[in-house]
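Here the structure comes first, spelled out in structure tokens, and everything after it is commentary.
Nothing in this text is a laboratory measurement; each read-out follows from the coordinates by a stated rule. Since this is a predicted model, take the numbers as computed values, not measurements. Note that we place each Cβ from the backbone using ideal geometry, even for glycine, and neighbour counts take in every protein chain shown.
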Amino acid sequence: MFGYLIRRVLYAVPILVGVNVITFALFFFVNSPDDMARLALGGKHVTAEAVEKWKADKGYDRPLIFNAAREGMAQVTDTVFFQKSARMFVFDFGRGDDGRDIGYEIRTRMWPSLAIAVPTFLVGLACYISFALLLALFRATYLDLAGVILCVTAMSISSLFYIIGGQYLVSKLWNLVPISGYDTGLDAWKFLVLPVLIGVVGGVGASTRWYRTIFIEEMHKDYVRTARAKGLPESRVLFGHVLRNALIPVLTGVVVVIPALFLGSLIMESFFAIPGLGSYTIEAINNQDYGVVRAMVFLGSFLYIVGLVLTDVSYTLVDPRVRFE
Amino acid sequence: MRALDTFLLIAAAALAGCQGPWNNPYPAEERGRNILYSAFSEQPKHLDPVQSYFENEIQFTAQIYMPPLQYHYLKRPYELVPFAADRLPTATYYDAGGRVLPQDVPAARVARTVYRVTIRPGIYYQPHPAFATKADGTSRYIGVPAQALSRYRSLGEFEHTGTRELRAADFAYQIKRLAHPWLHSPIYGLMSGYIVGLKGYAEKLREAAADAPRNAYLDLDRFEIDGVTVTGPYSFEITIEGKYPQFVYWLAMPFFSPVPHEAERFYRQPGMQANISLDWYPVGTGPYMMTVNNPNRSIVLERNPNFAGEPYPDEGEPGDREAGLLDDAGRMMPFVDKAVYSLERESIPYWNKFLQGYYDASGISSDSFDQTVSVSATGDVQLSEDMSRRGIQLQTSVSASTIYMGFNMLDPVIGGLDERGRKLRQAISIAVDMEELVSIFRNGRGIAAQGPLPPGIFGHRDGEAGVNRQVYDWIDGRAVRKPVQEAKALLAQAGYPDGIDAATGKPLVVYLDTAMVGPEGKSRADWFTKQLRKINLQLVVRSTDLNRFQEKLRNGTAQIYVLGWNADYPDPENFMFLLHGPQSRAHGSGENASNYANPEFDALFERMRNMENGPERLAIIDRMNAILHRDAPWSFGFHPADYTLTHAWVHNRKPNKMANNGLKYQRIDPALREQRRAECNPPVPGPLLLAAPPVAIAMHPAPVTWRRRERASALPARG
């Protein structure tokens, strides 16, 4: 297992380099360092001298990927790409174009993101799986039909509707919790109830249908018929056998998103004024802050790779037939 | 269901434990306190006064820093009054030989101007660790080892603070900071053209900084600027090249606020956390100081205990007394103890929280416009019944801004000063109905522009005297846009009868270059196309991203574009320079995006820019406007109007488009606010509890069926 993990980590290096190259190419395809300087300097009264000064100060006065004026390795290392990317592999994200510490921002913002994402994820998972098992149990009955119609309807509604509708109903009409905002410690609960509730309700359609399909497929297998034929109670059949055997596809979809919970949700954080990481990347793109964009893309790809490795590891826990090779 | 009931009961009990409305987003200990609540939608990037320029930055720095001058809060037209200075600065003009010239001397004879500023004694900085001293008088936190500093994660963790009196040298220090090689002041380029010796000073500093470690403390006092002299503890002089009367307006901006060198020495020490900097924690002498800077969530300003106070103005413009704006005349400011600004990115939650009483003031978004105000047939704006019942007040003001549709004068089709080009542009100006644009896209919030100068700026004329006769007729006491037939006639005279190029026989196609995207951009683009179709002109909209759009303007390859300009200061020079030939964007890096160059206009501009306001200057501005109406380098768009709503508990709020330091004038009535909040936000848990039984009934068949299945046998019982 250890060798397998080492191998996967080594595979991750070229992937991360590739992601960096693509991010760099895409970013500088639409923005030039001059554009970045003009935006940072405010757009009014910007002189060519000020643009050059900004670029020199921020390290954007070098060639982008190849420095023909230098010799040897410096042709590659004395470039914007190398200077801005190399240190990320030791998780030194440097500073944004506004001079602020990106690492500090990430460390500060990930907690509010987690405060919403983790309860939404756990409560949602429990609800979706329970609901899906219920529908699977009562398949082909009016309950199943009603449940499926409910799920399809829920899937068809925009997440924005849930947010605005939830805020209107719970916070404005019933005045039960604040519409938006955030606080630290235990005082955070009143700000988290509504986004978590909306997050769970908003995901019920797609997730329940997905899990229901998995469970129904599993319930048609021979071992389930055998279990019933032996006279096992339905609860034992469902939770002891069906759920356990359906865990592989469930884990495939679930474990991979766990690390990405750090990255937060853009719309939810924006509407509820949650100071998380979700909006950080979008703000950086709007501000043409390459430092933050590359850091967030790097972090996102890294966490995704971690999620995939964790998924592989989790397979061995739920299915003894799976081996690391 | 038992779990749901339990949860609801616990939640209800927890919420009932809170006093007051359950949906109050603020801590219970703030209830009833003299706090003003506001919001910001975009995080400030820079709070260092040498860099902060955007509105979302200056709304904070203007409350903290104290430049020599400020704008009178109530008077219109805008008027400069002393702030840190004890009187308005005097300007002395000198010729090339160093001889003093009279005040009304023509600008051509002036070689240099010296501004003498004296500041009031007894102004003290806010409490700050940079000023903390030990018993022996040495600094407590400056010059300490890096390890000792690295343990502090925020400014509030420093145990000791101190203060000192403001000195004239602090203003001189800040002017030096404009040239700092690691700071990027947006006005350095402009000021280096005026302040004597600033450019040379910047070069010396750049050389000195070349070998210094990044972000280390740079001793700015190693060199001096020729044009900045400290003449005493409370006086200094600034020498500028030539005559530039608008320079005094810059002295009312945070760029010229005092900054103590101790602050920079303190922040730029090895070991200091990256986010403990002057860009993050300002150090000022103004009425407020920043005590919390968490731009991801909230920014808090609190009363500066060392601010000696400032009397509320005792005179204003007509109507101010009746509006209650002089009720506090002579009382010492600031009135509010604390201001809490919360990050609120979306307009819907902001608006709803305003209605609930959790924000004290709000603008009006397009979504909520109809439920908020009604516009009568005569154009009068009235609050809706619901808003009036809530005690909400409406304030309207026209911005010191102009949005315009510009024509690139270098373009072979749309440009040029010949009759063909003029008539083509005049025809387009008539066809593009700016009143309709304001009505459709801004809910009527704005007034059609008759020239570049917005109301409130010297030279702007209301009524018939200011009408653009090329586009409007004056009928029954109001400006009426000329009929489309006249535009068509002009088009024919330009050589494009019915939109066909007489020379080629092909339809004339013109191009609108824009960075407008999304549904709003698309609908605007469609609207412009429709406008030109009225005169049978084909408009092709070339949408692109902001960078490419700006590049087109810089290269002079755009044809028709839409831009806007917000005044830096209330002087006609700050608008007319947008059409000054030498400031062409394509031939330099100026702000004249139309690349308009008319020698007569340029000569008048050169005269007007250095004149004091008066009849002679007004006559020149009238002539300049007439030239612009004829040449039509712009289709003068509109001046946006701002609508602001305030609750009944907010007093002394008057829109001021020049002054950003309005917080100190505002007064609130916290008791009334508490009362209204309680009335507006009674918790209504009933619907949730009522929803429980139907859910239980709907779910009831599930356990019944489950039990039946569990009890059923594999085969049906034999009968």
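Would you please give the residues with an amide H less than 5 Å from that of B:Asp86, counting only those at least 5 places away or on a separate chain, with H modeled from the backbone geometry?
Placed amide hydrogens put B:Thr118, B:Ile119, B:Arg120 under 5 Å from B:Asp86.
Across 10 Å bins from the origin, how do the percents of Cα pairs in the range B:461-539 run, short distances first?
The calculated distribution, bin by bin, is 17, 33, 31, 18, 1.
Could you list B:Lys243, B:Lys75, B:Lys134 in order of exposure, starting from the residue whose Cβ has the fewest other Cβ atoms within 10 Å?
The most exposed by this proxy come first: B:Lys134, B:Lys75, B:Lys243.
Would you mind putting B:51-59, A:7-15 in packing order, based on average other-beta-carbon counts within 10 Å, highest first?
B:51-59, A:7-15
Within the set of other residues whose C-beta is less than 14 Å from the C-beta of B:Ser584, count the net charge using Lys and Arg as +1 and Asp and Glu as -1.
After counting each charged neighbour, the total is -1.
Output the 0 to 90 degree angle, nearest 10, between the alpha-carbon long axis of helix A:142-156 and the longest principal axis computed from the alpha carbons of chain A.
10 degrees
How many partner chain Cβ atoms sit within 10 Å of a residue's Cβ in peptide B:346-352, on average, as a whole number? Mind showing how you got there, number by number?
Numbers: counts 10, 0, 9, 13, 3, 1, 7.
For peptide B:346-352, the averaged partner shielding equals 6.
Take every residue in peptide A:278-286, count the Cβ atoms of other chains within 10 Å of its Cβ, and give the average of those counts. Walk me through the numbers before you get to the answer.
Numbers: counts 0, 4, 1, 0, 1, 3, 0, 0, 2.
The per-residue average across the peptide is 1.
Among the lysines, which have Cα under 17 Å from the Cα of B:Lys45 when same-chain residues fewer than 8 positions away are ignored?
The qualifying lysines are A:Lys44, A:Lys58.
Given 20 °C and 1.002 mPa s, how large is the Stokes-Einstein diffusion coefficient of the range B:114-170 in µm²/s, with Rh as the Kirkwood radius over Cα pairs?
Rounded to a whole number, D works out at 160 µm²/s.
Counting Lys and Arg as +1 and Asp and Glu as -1, each charge on the Cβ, what is the dipole of the protein assembly as shown about the Cα centre in debye, to the nearest 20?
So the magnitude is around 3380 debye.
How are the Cα pair distances of the range A:33-105 distributed, in percent, across 10 Å bins from 0?
19, 41, 32, 8, 0
Calculate, in whole percent, how much of the Cα-Cα pair population of the range B:213-307 lies beyond 21 Å.
Everything past 21 Å amounts to 51 percent.
If you wrap a convex hull around the Cα atoms of chain B, how much volume per residue is inside, in Å³?
Roughly 271 Å³ of hull volume per residue.
Per residue of chain A, what 222 nm ellipticity follows from adding -39500 (n - 2.57) for every DSSP H run with n ≥ 4, rounded to the nearest 500?
So the helix-based figure for chain A works out to -21000 deg cm²/dmol.
Would you list A:Tyr280, B:Tyr244 from fewest to most Cβ contacts within 10 Å?
Ordered by Cβ neighbours within 10 Å, fewest first: B:Tyr244, A:Tyr280.
Over chain A, what is the relative contact order in whole percent, taking alpha-carbon pairs under 8 Å and six or more residues apart? Could the numbers behind the result be given before it?
Numbers: 333 pairs, mean separation 78.5, N = 325.
Over chain A, the number comes to 24 percent.
Per residue of chain B, what 222 nm ellipticity follows from adding -39500 (n - 2.57) for every DSSP H run with n ≥ 4, rounded to the nearest 500?
Per the formula, -8500 deg cm²/dmol.
Could you state the number of Å between the C-alpha centres of the range B:429-463 and the range A:102-143?
Taking the Cα centre of each part, the range A:102-143 and the range B:429-463 sit 52 Å apart.
Largest first, please: the extent of the C-alpha atoms of the range B:637-703 along each principal axis, to the nearest Å.
Result, largest extent first: 69, 42, 16 Å.
Express the C-alpha Rg of the range B:11-116 as a ratio against the empirical globular expectation 2.2 N^0.38 Å, rounded to two decimals.
Rounded to two decimals, the normalised Rg is 1.90.
Among the listed pairs B:Lys243/B:Lys654; A:Lys53/B:Lys176; B:Lys423/B:Lys522; A:Lys53/A:Lys84; B:Lys522/B:Lys552, which have their C-alpha atoms separated by more than 24 angstrom in this model?
On the way: B:Lys243/B:Lys654 34 Å; A:Lys53/B:Lys176 16 Å; B:Lys423/B:Lys522 28 Å; A:Lys53/A:Lys84 18 Å; B:Lys522/B:Lys552 20 Å.
Violating the 24 Å limit, Cα to Cα: B:Lys243/B:Lys654; B:Lys423/B:Lys522.
What ranking of A:Ile149, A:Ile129 emerges when the number of other C-beta atoms within 10 Å of each C-beta is taken as an exposure proxy, fewest first?
A:Ile149, A:Ile129
Let me check against my output: what whole-number percent is the relative contact order of the range B:556-713, with C-alpha pairs under 8 Å and at least 6 apart?
Numbers: 98 pairs, mean separation 18.5, N = 158.
The normalised contact order for the range B:556-713 reaches 12 percent.
On C-alpha positions alone, give me the angle between the axis of helix A:48-58 and the longest principal axis of chain A, in degrees, nearest 10.
Computed tilt is about 60 degrees.
Restricting to Cα pairs below 8 Å that are 6+ residues apart, what does the relative contact order work out to for chain B? Please round to a whole percent.
17 percent
Sort B:643-650, B:143-150, A:81-88, A:230-237 by packing, meaning the average of other beta carbons within 10 Å per residue, with the highest value first.
On the way: B:643-650: 19.2, B:143-150: 11.6, A:81-88: 16.8, A:230-237: 13.1.
Highest mean packing first, the order is B:643-650, A:81-88, A:230-237, B:143-150.
Can you give me the Rg/Rh ratio for the range B:552-667, using Cα atoms for both radii and the Kirkwood formula for Rh?
Values: Rg = 18.0 Å, Rh = 16.7 Å.
Radius of gyration over Kirkwood radius for the range B:552-667 works out to 1.08.
Using Cα centres only, tell me the gap between the range B:504-561 and the range A:239-290 in whole Å.
Result: 40 Å between the Cα centres.
As an exercise, find the ratio Rg/Rh for the range A:92-233 from alpha-carbon atoms, using the Kirkwood inverse-distance average for Rh. The partial results should precede the final answer.
On the way: Rg = 20.7 Å, Rh = 18.1 Å.
Taking Rh as the inverse mean 1/r over Cα pairs, Rg/Rh reads 1.14.
Given C-alpha coordinates of the protein assembly as shown, what is the ratio Rg to Rh with the Kirkwood estimate of Rh?
My calculation of the ratio gives 1.01.
At a Cα cut-off below 19 Å, give the lysines reachable from A:Lys172, other chains included and same-chain residues fewer than 8 away excluded.
Qualifying lysines at Cα under 19 Å: A:Lys190, B:Lys353.
Tell me, what HN-Hα J-couplings in whole Hz come from the Karplus equation 6.51 cos²θ - 1.76 cosθ + 1.60 at θ = phi - 60° for each residue of the range B:562-567, using x for Gly and Pro?
10, 9, x, 9, 9, 5
Is there a simple number for the mean count of other chain Cβ atoms within 10 Å of the Cβ of residues in A:49-60, and what is it?
Whole-number average of other-chain Cβ neighbours for A:49-60 is 3.
Provide the packing ranking of B:347-360, B:297-310, A:203-216, i.e. peptides ordered by the mean count of other C-beta atoms within 10 Å per residue, highest first.
My ranking of the peptides, most packed first, is B:347-360, A:203-216, B:297-310.
What is the pair-distance distribution P(r) of the range A:209-251, computed from all Cα-Cα distances in 5 Å bins starting at 0, with each bin given as a whole percent?
6, 25, 34, 22, 10, 3
Excluding residues fewer than 8 places away in the same chain, name every one of the lysines whose C-alpha is closer than 30 Å to that of A:Lys230.
Straight-line reach from A:Lys230, under 30 Å: A:Lys221.
Report, to one decimal in Å, the Kirkwood hydrodynamic radius for the range B:420-500 based on all distinct Cα pairs.
Values: mean 1/r = 0.0726 Å⁻¹.
The Cα-based Kirkwood calculation yields 13.8 Å.
With N set to the number of residues, divide the alpha-carbon radius of gyration of chain A by 2.2 N^0.38 Å and report two decimals.
Relative to the 2.2 N^0.38 Å estimate, chain A comes out at 1.25.
How fast does the range A:183-288 diffuse by Stokes-Einstein, in µm²/s, taking the Kirkwood radius from C-alpha pairs at 10 °C and 1.306 mPa s? The partial results should precede the final answer.
Details: Rh = 17.1 Å.
Answer, rounded: 93 µm²/s.
Expressed in whole Å with the largest first, what are the equivalent ellipsoid semi-axes of the range B:414-459 derived from the C-alpha gyration tensor as the square root of 5 times each eigenvalue?
In descending order, the three semi-axes are 25, 17, 6 Å.
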